[in-house]
Amino acid sequence: EPEVTQTPSHQVTQMGQEVILRCVPISNHLYFYWYRQILGQKVEFLVSFYNNEISEKSEIFDDQFSVERPDGSNFTLKIRSTKLEDSAMYFCASSPLGGTEAFFGQGTRLTVV
Amino acid sequence: AQTVTQSQPEMSVQEAETVTLSCTYDTSESDYYLFWYKQPPSRQMILVIRQEAYKQQNATENRFSVNFQKAAKSFSLKISDSQLGDAAMYFCAYRSGGGNKLVFGAGTILRVKS
């Protein structure tokens, strides 16, 4: 069964460093998303991406965040200068054109120290 | 803006028994979708069941069913014949019919006792 895959599963980074979280969505899907879950809290929408551009973003997704689809298979989230409060589980998700549900990856746990 | 409320931070159920998790939402839209996602200790988000707002019939997936009350804006999840593997955090989520992003509730931790 096709699935969304995310790498790495866990990343530890120094405050102020740049990190790139990688995702490979399901191959025939056209909508891509990033969500964040701070430990013990609800899952929060960050950004959605369609047709090579951001279709919607939340107030969390400020200038330190960016997304990119560098090739036909990968979808990345970059955090330019990490802060302690960026420590969270980051989920990538994808959905097909006309599809109603999003399929989630297993998440990347980001720890900023 | 749409909001999703899960008023039960934690629930417990005996193995083989039935449990109902509550969810209410607030929206002015008539076209939307509702979902229940399961998050086991592995932290993966797994879709359990979905409901289209235009459908009056409650969705069912094996041991999982929903009670969708559109007028009351209520969307509860019933798990029958609970199993140890059902222990997880359960999130209720809303998606606008014209949008793509999911709005999640705070989650309910379900514990299953053997």
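Tabulated results
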quantity	calculated
Count of residues meeting criterion [within 14 Å of chain B (Cβ to nearest Cβ), more than 13 Å from the chain's Cα centre (by Cα), on the phi < 0 side of the Ramachandran plot and not hydroxyl-bearing (Ser, Thr, Tyr)] in the range A:68-101	4
Strands (runs of 3 or more DSSP E) within the range B:61-114 that include 1 or more residues of a type in the set (Ser, Thr, Tyr)	B:64-69, B:74-79, B:88-96, B:108-113
Some residue of the range A:52-64 being within 9 Å of chain B (Cβ to nearest Cβ) and in contact (Cβ under 8 Å) with a residue 24 or more places away in the chain	yes
Tally of residues being open to solvent by less than 20 Å² (accessible area, probe 1.4 Å), within 11 Å of chain A (Cβ to nearest Cβ) and part of a loop (DSSP other than H, G, I, E, B) across the range B:7-48	1
Close pairs from the range A:32-48: first closer than 11 Å to A:ALA93 by Cβ and facing chain B (nearest Cβ under 8 Å), partner of a type in the set (Val, Ile, Thr) and open to solvent by less than 20 Å² (accessible area, probe 1.4 Å), Cβ under 8 Å, at least 6 apart	A:TYR33/A:VAL47; A:TYR35/A:VAL43
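The values are calculated or read from the model by the stated rules, or taken from the named source; none is laboratory data. What you see is a predicted model; the values in this text were computed from it and never measured. Every residue, glycine as well, gets a Cβ built from its backbone with ideal geometry; the counts of neighbours run over all protein chains shown. Protein only, heavy atoms only, side chains kept; ligands, DNA and RNA dropped before computing areas. Shrake-Rupley method; radii C 1.70, N 1.55, O 1.52, S 1.80 Å.
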